[in-house]
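The values are calculated or read from the model by the stated rules, or taken from the named source; none is laboratory data. Worth saying up front: this structure is predicted, and the values here are computed from it rather than measured. Here the Cβ positions follow ideal geometry from the backbone for every residue, glycine too, while neighbour counts run over all protein chains shown. For accessibility, only protein heavy atoms count, side chains too; no ligands or nucleic acids. Shrake-Rupley method; radii C 1.70, N 1.55, O 1.52, S 1.80 Å.
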Amino acid sequence: MLTKYSALIFDMDGTLFDTEPLHRKAWLETFSDESISVTEEELIQFNGSAPWEVARKILALKEVNADPLYLAERKRVRVDSLLKTEEVRLLPAMEIAQLWCGKLPFALGTGSERSTVEVLLNRFNLSAMFHTVVSADRVKRHKPAPDTFLLCAKEMNVPAARCLVFEDSTFGIAAANAAEMDVIDVNTLSRTI
């Protein structure tokens, strides 16, 4: 099935790595430090969003006046620390990546910041797997806008229509659709590795 594509683009959190629980833990601790009451359910709806967008939306939801960039940075430091020490499982899309590595160019298109990407790729020795990495700090418009995936395609020198995206979030799937790329919802892949 994948032979009709010229490149593969993978989201990171919730697609290749089971890291969403650690991101939520970092957010809950960050908001708690600021005496802002947030539930895990309130955070889940923003999976796939850039950190400063999550902070901005939660602050608006809670009608709190605070600096979303400050909160996003506090969360980034906390999640980067957690990713170095906590268990992180690989998800089924990683099997696809390992199977096709070296056969097609790969990109990583993520709503996480570059430092968080580097922590995970270094931890699992996967940096060489990706032709390019487009993290949240490299685009102005984030998922569900198509910019992340379009920049991945551009940097691989592959037309968008020839890219296949692997995504787990509603925002990410919408971004792939907006980029006019085929997308596989990895939530339909059932087992972890």
Sparse-neighbourhood loop hits (GluC sites (Glu not before Pro), segment 101-193; DSSP loop; Cβ within 10 Å at most 15 others) -> Glu180
Between Thr39 and Thr3, the two model label points (7 Å from Cα along the beta-carbon direction) sit apart by a distance in nm of 5.0 nm
Highest GNM mean-square fluctuation among Cys101, Cys163, Cys152, for the chain with Cα springs under 10 Å, belongs to Cys101
Of the residues Thr110, Pro159, Leu43, the Cα lying farthest along the dipole of the chain towards its positive end, which is defined by charges on the beta carbon of Lys, Arg, Asp and Glu, belongs to Pro159
Listed by chain and number, the residues whose amide H is under 5 Å from that of Phe10, excluding neighbours fewer than 5 places away on the same chain and using placed H, are Ala107, Leu108, Gly109, Phe166
Per GNM of the chain with C-alpha springs under 10 angstrom, the most fluctuating residue out of Ser127, Ser37, Ser169 is Ser37
Cβ-Cβ cut-off under 12 Å around Pro21, Lys and Arg +1, Asp and Glu -1: the net charge is -3
Note to self: C-alpha centroids of segment 126-193 and segment 90-125 sit apart, in Å, by 11 Å
So the carbon and sulfur contribution to the accessible area of the chain, 1.4 Å probe, in percent, is 50 percent
Sparse-neighbourhood loop hits (GluC sites (Glu not before Pro), segment 64-95; DSSP loop; Cβ within 10 Å at most 15 others) -> Glu86, Glu87
Among Asn157, Asn47, Asn65, the residue with the largest mean-square fluctuation in a Gaussian network model of the chain built from Cα contacts under 10 Å is Asn65
The chain accessible area per residue, 1.4 Å probe, protein heavy atoms, integer Å², reads 47 Å²
For segment 19-83 the translational diffusion coefficient, Stokes-Einstein from a Kirkwood Rh over Cα pairs at 4 °C and viscosity 1.567 mPa s, in µm²/s, is roughly 113 µm²/s
Of segment 1-30, those with amide N under 17 Å from the point 7 Å along the Cα→Cβ vector of Asn187 are 11-21, 24
Note, Leu164: beta-carbon cut-off 11 Å, +1 each Lys/Arg, -1 each Asp/Glu, net 0
Hydrodynamic calc, segment 86-193: Kirkwood Rh from Cα pairs, then Stokes-Einstein at 25 °C with viscosity 0.890 mPa s, so D in µm² s⁻¹ is 173 µm²/s
Between the alpha carbon centres of segment 34-79 and segment 1-33 the gap in Å comes to 17 Å
Rounded to the nearest 10 Å², the accessible area of Glu34 using a 1.4 Å probe with every protein chain kept is 70 Å²
